[in-house]
1. With the checklist (1) crowded, with 20+ Cβ neighbours inside 10 Å; (2) closer than 21 Å to Val13 by Cα in hand, flag the one item Ala117 doesn't pass.
2. Please list, ordered by first then second residue, the pairs with beta carbon atoms under 8 Å, 6 or more apart or interchain, first in segment 15-31 and in a loop (DSSP other than H, G, I, E, B), second charged (D, E, K, R).
3. I'd like to check which helices (runs of 4 or more DSSP H) are fully inside segment 37-123 and have at least 1 residues that are more than 16 Å from the ligand (Cβ to nearest atom).
4. Tally the residues that are farther than 24 Å from Glu200 by Cβ and either among the hydroxyl-bearing types (Ser, Thr, Tyr) or exposed (fewer than 14 other Cβ atoms within 10 Å of the Cβ) (or both), restricting the search to segment 88-114.
5. How do the strands (runs of 3 or more DSSP E) wholly within segment 161-232 filter down when requiring 2 or more residues that are more than 17 Å from the chain's Cα centre (by Cα): which remain?
6. Identify, please: which residue in segment 187-223 is surrounded by 22 or more Cβ atoms within 10 Å (Cβ to Cβ) and more than 14 Å from the ligand (Cβ to nearest atom) and is, among those, farthest from His30 (Cα to Cα)?
7. Right, Gly142: exposed (fewer than 14 other Cβ atoms within 10 Å of the Cβ), in contact (Cβ under 8 Å) with a residue 12 or more places away in the chain and of a type in the set (Gly, Ala, Ser) or not?
Amino acid sequence: MNAHALPAGADAVLRYENLNAYYGTSQILHGLSFDVPAASVVCLLGLNGMGKTTTLRATMGLVDRTEGRITLNGREVRGPTFKRSQMGVTLVPEDRKVFANLTVAENLEVARRPTGAADDFTFEDAVRIFPRLGERMNQKSGTLSGGEQQMLVVARAMLANPAYMMLDEPTEGLAPNYVEAIATSIRAARDRGIGIILVEQSLPLALAVGDWFHIIENGQIIQSLGREEALADAQRIEKALTVE
Ligand SMILES: Nc1ncnc2c1ncn2[C@@H]1O[C@H](COP(=O)(O)OP(=O)(O)OP(=O)(O)O)[C@@H](O)[C@H]1O
């Protein structure tokens, strides 16, 4: 069964139900519940240290302990990280780790996981979305700029053709033209049916691509907004993301 196939009767959704997460004895997440429908972009917003990264790591089984349920298209997401990624969920972490000694092309090839679906991402798609990578296919990835490495890790995630993709602050420290390329890639992934969780400090980017917005404070969702509401209330969201 490929990553996009659904068990009979299941919703195409990554679903969080009352998620608690712990590092050691510290409880970081307190009862998070939200849905990530297929073909949508869900933005997690909040100040530093509020639990956004922990939510993504909990999804991949990278925290010490969780309670509650995460289901992907009706099946429980559990077990070791590689099993979760086999289920079709992938995380692009903040640290932008590329295989430094491999070329750009080799990094992409290692990640490529065709599902056989007609709308699988291909090398050509990656190069169309990130022309800069196309110019650097034979360059060792360790010598790319930070922005280019970020494009490469996002391109790699897309070539794995996940059902759901989580991006942790993909535009942190990037120049505006790279931010635009990341926005284009997020829209392209959504247009192919991929559900996306975007953790972002940049509200303009989140508003440019997001369908749903959850503001997280101290490991809890304190406010949830749809796209129209968020656009109408951008100033209030900005305030919630500003340290007083
Ligand atoms: N490995 C860890 N061990 C113990 N505590 C941790 C660990 N990782 C994160 N924390 C704590 O969990 C809390 C939430 O951190 P998290 O990284 O999820 O925040 P965030 O909202 O993503 O913010 P940031 O933008 O700073 O990454 C913080 O108080 C942090 O100190």
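The values are calculated or read from the model by the stated rules, or taken from the named source; none is laboratory data. Being a predicted model, the structure only gives us computed values, none of them experimental. Cβ placement follows ideal geometry from the backbone for every residue including glycine, while neighbour counts extend to all protein chains displayed.
1. (1)
2. These pairs meet every condition: Gly24/Asp64.
3. 81-87, 104-111
4. 6
5. Once the strands (runs of 3 or more DSSP E) in segment 161-232 are filtered for at least 2 residues that are more than 17 Å from the chain's Cα centre (by Cα), what remains is 220-226.
6. Here the answer is Ala189.
7. So Gly142 passes the test.
Conditions tested, residue by residue: (1) farther than 25 Å from Arg113 by Cα; (2) at pLDDT below 95; (3) aliphatic (A, V, I, L, M); (4) in contact with a Leu (Cβ under 6 Å, 6 or more places away or on another chain).
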| residue | (1), (2), (3), (4) |
| --- | --- |
| Met166 | no, no, yes, yes |
| Ile182 | no, yes, yes, no |
| Glu200 | yes, yes, no, no |
| His214 | yes, no, no, yes |
